[in-house]
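Q: Dropping a structure here in structure tokens format, bear with me for questions.
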Amino acid sequence: MMANLAAVVGIGQTKYTTKRHDVSIAGLVREAAVNALEDAQLSWDDIDAVIIGKAPDMFEGVVMPEIYLADALGCNGKPMLRVHTAGSVGGSTALVAASHVQSGSFRRVLTVAYEKQSESNAMWALSTPQPFSTHLNAGAGGYFAPIIREYMRRSGAPYDAGIKVAVKDRLHGARNPLAHLQKPDITMKEVEESFMLWDPIRFLEACPSSDGACAMVIADEGLAEQAPRPPAWIRGVAMRSEPTMYAGRDEVNPQAGRDCAGDVYRQAGISDPRRDLDCAEVYVPFSWYEPMWLENLGFAPEGEGWKLTMDGATSLDEGGDIPWNPSGGVLCSNPIGASGMIRFAEAARQVRGDAGDHQVEGARLALGHAYGGGAQFFAMWVVGADKG
Amino acid sequence: MTDIAIVAYHQSKAVSDVGACNEVELIMPVLTEVYRQLGIANAQDVDFVCSGSCDYLQGAAFAFVAGVDALGAVPPIRESHVEMDAAWALYESMLKIRMGHAESALIYGFGKSSPGELPIVLSQQLDPYYLAPLWLDSISLAAMQARILLDAGRISERDMAEVVSRSRRNALANPNAQLAGDISADDVLAEETYVSPLRRADCAPVSDGASAMIICTVEKAREWGVPYALITGIDHRMETHNLGMRDLTDSRSTRLAAEGAGVGAGKVDVAELYAPFSHQELILIRALGLGDETSVNPSGGVLAGNLMMASGLSRIGEVFNRIIAGEAERGIAHATSGPCLQHNLVTVVEKA
């Protein structure tokens, strides 16, 4: 049995920023949702169900926030589902939303993901002692720093590969008016001289803390064909999970990520991702994750991801053949629960030809990627300008 | 829509405090039992896994991540999670099967409510700016709803007491029940009020535990060669969060979900309703249009034991058990979330 065709027909985002003083959490998600409806030239009555995602409830301190957000998202009398799969949640939420349509159960749904980090304390929420586990008190950076060190040791990558990514993604972000960090004049030296947060991760090699929301309208084939603007056809969807720790686990190049990529490529008919895809929006919260994921996702052989980065293959400004994170990525904007959905939405913008100054010319096929937990939860989709 | 088969189900005993038992220890026994029912080894033998849990019950972000340790997820598996009752994890799993990306799915829900003060924890579900700072606990809100029903003459305190009495008596036959006993409505009415007009017995107890279910296509059920029941309808609907804008004496979202699930298309032999307060069972019975031919909450329902994040899935499982036992041919299960029945899910389960 084949899944029904589905496509993104509307995308809405907020301007990512440190603090949105002017709106409540409800106001934030509604702004993204209204933007997506306007983009699709639809109204609330056209939506059959709403699927919402965000990172842990402890961030903002609202338990099961769909309860509170029902009114802001026009859900009175409609189905509403809340997804939570750690940092990958924005991507997973888009996939669960797509499954509402791909299963033939719904014709058109709205999906929204958000985080209002200014009203939360992510570092605290990620570090609360678990009753039955060793207390790391490390936050995300402290958790991933040793894994990055191991990548550097294994691959022999030059020490400035991470610095290069930090500069490249900020230059991309300077093309995207929605990006939180706007650093058009950033230099390698500036990144190198920024203070060390979690060795080897410098301040400017880490993602910011952002407020923001992202929304998409996903419709079935018939409705998508009538959509006023070009649809982004969903060509493949995949999720994978593995435990945080187990004997022999490769934390640098997790099998769950490799399996997830293999699955989504198979569905989209991709045999060589670097050649077949036109661009990718990949969850890179710390600079070194670009070379690591280049390998994990099959864009480069193991141990050679950094070469693509250093050669400028992933850079729009250097005319690279496979731009990664043309929007500026997580390194420019990080409303945690939304970050995965932003990747998925930005991939869709590229194939709709709607990405403004960060458009990859002629993009027809793009990858959206998200990961979470201890690099153990993965969600991916491939979207195309054609049905396939 | 393709019918989906339920092939295995198990719930742990509901207990008031499991002590030092962690997430994995809560989940493993119910998973082991559903695997045993099918003769499979672990989550590798199903195509998709989806769970329901709530971080705030355990008091730790990502409490569900520990759940993955119970699955044998090496090599990696297709897995997802809802921060909702596992009845909604079932809903997500059905979409996955219907889109052709899975033939079978394992669903589990778990809750350890004992470490916190559940009614206070649930107050943080409310609007964070206007309501949550008032710490309006779930029992006080339900008491207000019961008071509106009583004042409107829709129900009497004796009606509520009879719900409790029936729950306790039915629970005598349920080995997983936390509260059971041969208690009459008069016995309940003799209790003092707790949060007026509610008595303690009108409120579901705080419980720890888990439940698990395996669903699949009809073809896969035949291949496994086990007795199965069919999910022939499922729907869920949300209502406004603004309690002042809702008719609290009714459940409009339950009516809509029942219509969507096709409840009215046949006789309902059994109904398992997620009513954490006695008066809410009365609201639901009316919203679902149930009459004397329907046996309501033969398990005792959640007044006999309320596994947060699993009770909704357990209601579906209880109906499945009745059908497999030959006690019913068609039943409905209900799940709820939010204050005063804000979000409701209705499932129709039928004999294969």
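Q: As a test of the definition: with a 1.4 Å probe, what buried accessible area, both sides summed, do you compute for B against A, in Å² to the nearest 100?
A: On the way: alone 14320 and 14760 Å², together 23860 Å².
So the total buried area for this chain pair works out to about 5200 Å².
Q: Using a 1.4 Å probe on the heavy atoms of the protein chains only, list every residue of segment A:22-65 that has 20 Å² or more less accessible area in the complete assembly than in its chain alone.
A: Those are A:Pro56, A:Asp57, A:Met58, A:Gly61, A:Val62, A:Val63, A:Met64, which lose 20 Å² or more relative to the chain on its own.
Q: Next question, about the same structure. Whole-Hz Karplus ³J(HN,Hα) for segment A:39-47, in order, using 6.51 cos²θ - 1.76 cosθ + 1.60 and θ = phi - 60°, x for Gly and Pro?
A: 4, 8, 6, 10, 10, 4, 5, 7, 9
Q: Here is a follow-up. Got a number for carbon plus sulfur as a percent of segment B:77-125's accessible area, 1.4 Å probe?
A: Values: 420 of 930 Å².
Ligands and nucleic acids excluded, carbon and sulfur give 45 percent.
Q: Based on the Cα atoms of segment B:20-164, what semi-axes does the equivalent ellipsoid have, where each is the square root of 5 times one gyration tensor eigenvalue, given in whole Å with the largest first? Present the calculation step by step, with values, prior to reporting the outcome.
A: Values: eigenvalues 254, 72, 49 Å².
In descending order the semi-axes read 36, 19, 16 Å.
Q: At 1.4 Å probe size, with the rest of the protein present, what percent of the exposed accessible area of chain A is carbon and sulfur atoms? Can you show the working numbers first?
A: Values: 6060 of 12160 Å².
Its accessible area is 50 percent carbon and sulfur atoms.
Q: Same structure, new question: Report, as an integer, the average count of C-beta atoms from other chains found within 10 Å of each Cβ along A:95-104. Walk me through the numbers before you get to the answer.
A: Numbers: counts 3, 7, 1, 2, 10, 5, 2, 6, 10, 6.
What the average comes to for A:95-104 is 5.
Q: B:Lys13: which lysines have alpha carbons under 24 Å from its alpha carbon, excluding same-chain residues fewer than 8 sequence positions away?
A: Counting by Cα, and skipping residues close in sequence, B:Lys13 has these lysines nearby: B:Lys112.
Q: Right, next: How shielded is B:93-103 by partner chains, expressed as the average number of their Cβ atoms within 10 Å of its Cβ atoms? Write down the numbers at each step before the final one.
A: Details: counts 1, 3, 12, 8, 3, 9, 14, 7, 12, 0, 1.
Whole-number average of other-chain Cβ neighbours for B:93-103 is 6.
Q: Give the percent of DSSP beta bridges with both residues in the protein assembly as shown that are antiparallel, rounded to the nearest 5.
A: Values: 79 of 108 bridges.
Restricted to the protein assembly as shown, the bridges split so that about 75 percent are antiparallel.
Q: Just the number, please: percent antiparallel of the DSSP beta bridges in chain A, rounded to the nearest 5.
A: Numbers: 38 of 52 bridges.
Within chain A, antiparallel bridges account for around 75 percent of the total.
Q: I would also like to ask the following. Which value, in Å², gives the accessible area per residue of segment B:129-214 when a 1.4 Å probe is used on the protein heavy atoms? Don't skip to the answer; put the middle values down first.
A: Values: 4000 Å² over 86 residues.
Ligands and nucleic acids excluded, the figure is 47 Å² per residue.
Q: By a straight-distance test (C-alpha under 26 Å), which lysines pair with A:Lys15 as possible cross-link partners, with residues fewer than eight away in the same chain excluded?
A: A:Lys54, A:Lys116, A:Lys164, A:Lys168, A:Lys183
Q: Turning to a different aspect of this structure: May I ask you to give the solvent-accessible area per residue for chain A, in square angstrom, as obtained with a 1.4 angstrom probe? List each step's numbers first, then the result.
A: Numbers: 12160 Å² over 388 residues.
Accessible area per residue, chain A: 31 Å².
Q: Please enumerate, by chain and number, the lysines with C-alpha under 26 Å from the C-alpha of B:Lys220, excluding those fewer than 8 residues away in the same chain.
A: In chain and number order, the partners are B:Lys96, B:Lys351.
Q: Further question on the same structure: R0 = 56 Å: FRET efficiency of B:Asn242 with A:Glu150, Cβ-based, nearest 0.05?
A: Working: r = 52 Å, r/R0 = 0.92.
E between B:Asn242 and A:Glu150, to the nearest 0.05, is 0.60.
Q: Can you give the extra length, in nm with one decimal, that the chain gains between A:Asp199 and A:Arg364 once fully stretched, where that is 0.36 nm per residue apart less the Cα-Cα distance? Working shown, then result.
A: Numbers: separation 165, 0.36 × 165 = 59.40 nm, distance 3.87 nm.
Here the segment from A:Asp199 to A:Arg364 would lengthen by 55.5 nm.
Q: What is the set of long-range amide H partners of B:Val15 at a cut-off below 5 Å, with H atoms built 1.01 Å from backbone N?
A: For B:Val15, the qualifying residues are B:Asp208.
Q: What's the local net charge at A:Lys168, with K and R +1, D and E -1, over the other residues with C-beta under 13 Å away?
A: Numbers: positive: A:Lys164, A:Arg170, A:Arg175, A:Lys183; negative: A:Asp160, A:Asp169, A:Glu205, A:Glu290, A:Asp311, A:Asp317, A:Glu318.
Surrounding charge for A:Lys168 is -3.
Q: Peptides A:146-154, A:370-378, A:5-13: what's the order by average Cβ count within 10 Å, highest mean first? Please list the in-between numbers first.
A: Details: A:146-154: 17.0, A:370-378: 28.0, A:5-13: 26.3.
Descending mean neighbour count gives A:370-378, A:5-13, A:146-154.
Q: With springs only between Cα atoms under 10 Å apart, run a GNM on chain A and tell me which of A:Gly248, A:Gly257, A:Gly328 wobbles the most.
A: Its mean-square fluctuation being the largest, the pick is A:Gly248.
Q: Show me A:159-167, A:76-84 ranked by packing, highest mean number of other Cβ atoms within 10 Å first.
A: Numbers: A:159-167: 22.4, A:76-84: 24.0.
For the peptides A:159-167, A:76-84, the packing ranking is A:76-84, A:159-167.
Q: Could you work out, residue by residue across A:71-77, how many beta carbons of other chains sit within 10 Å of that residue's beta carbon, and then give the average as an integer? Show your work: numbers first, answer last.
A: Working: counts 7, 1, 1, 1, 7, 10, 9.
Across A:71-77, the average partner-chain Cβ count within 10 Å equals 5.
The values are calculated or read from the model by the stated rules, or taken from the named source; none is laboratory data. What you see is a predicted model, and the numbers here were worked out from it, not measured in a lab. Heads up, the Cβs are rebuilt from the backbone with ideal geometry, glycines too, and the neighbour counts pull from every protein chain shown. To get the accessible areas, we keep the full protein, side chains included, count just its heavy atoms, and leave off ligands, DNA and RNA. Shrake-Rupley method; radii C 1.70, N 1.55, O 1.52, S 1.80 Å.
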